[in-house]
Amino acid sequence: MQDSKVSIKWLIYTFLIGLSANACFSILTISFVSFSPFPFLTLFFAVNHFYRLYIHEANNEYSIRPAWVAFFIGIFSFSAFTGAQHPELGSNFLSITITLILSIWLMYKLMFGDKHYSA
């Protein structure tokens, strides 16, 4: 196994940002979801800590793509959770499929990383 240069902190914070951003959006737009201030607080603190981490680790270009993937995994996983909780909202097949595909890509990226071969 190769030494991965992807920052796990970046992945955790971007996952939390995606999850709480979709939770805030769902609270404001879907009438079935009850109001709670906790997704807004989580979004605020996760963005605040991620910004501090970004300032201190600004040269971490290996974590950018996996961080975006973790962000979209958070968004689509909360959509799948909301669809499973409230089946009257419609099918959640697309959000589950996208979450699984992105999770498989992220696991592959973390396990094997980028292999650069030289001739």
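Observations on the model:
- The range 72-86, subset of a type outside the set (A, V, I, L, M, F, W, C) and buried (at least 19 other Cβ atoms within 10 Å of the Cβ), residue nearest to Trp10 (Cα to Cα): Gly74
- Put simply, of Arg52, Arg65 the only residue that is closer than 21 Å to Leu102 by Cβ and surrounded by fewer than 19 Cβ atoms within 10 Å (Cβ to Cβ) is Arg65.
- Of Leu106, Leu89, Leu94, Leu102, all but one fail to be surrounded by 13 or more Cβ atoms within 10 Å (Cβ to Cβ), within 30 Å of Ile30 (Cβ to Cβ), out of contact with any helix residue (DSSP H, G or I) (no Cβ under 8 Å at 6 or more places or on another chain) and not aromatic (Phe, Trp, Tyr); the exception is Leu94.
- Qualifying position, being in a helix (DSSP H, G or I), under 22 Å from Met107 (Cβ atoms) and under 18 Å from the mean Cα position of the chain (by Cα), among Tyr62, Tyr51: Tyr62
- Residue within the range 100-107 that is within 14 Å of Tyr13 (Cβ to Cβ), in a helix (DSSP H, G or I) and not aromatic (Phe, Trp, Tyr) present: no
- Per this entry, Phe76 is counted among residues that are among the aromatic types (Phe, Trp, Tyr) and assigned to a helix (DSSP H, G or I).
Every number here is computed from the coordinates shown, using simple stated rules; none is lab data. Predicted model only: the values in this text are computed from it and were never measured. Positions of Cβ are backbone-derived with ideal geometry, glycine not excepted, and every protein chain shown enters the neighbour counts.
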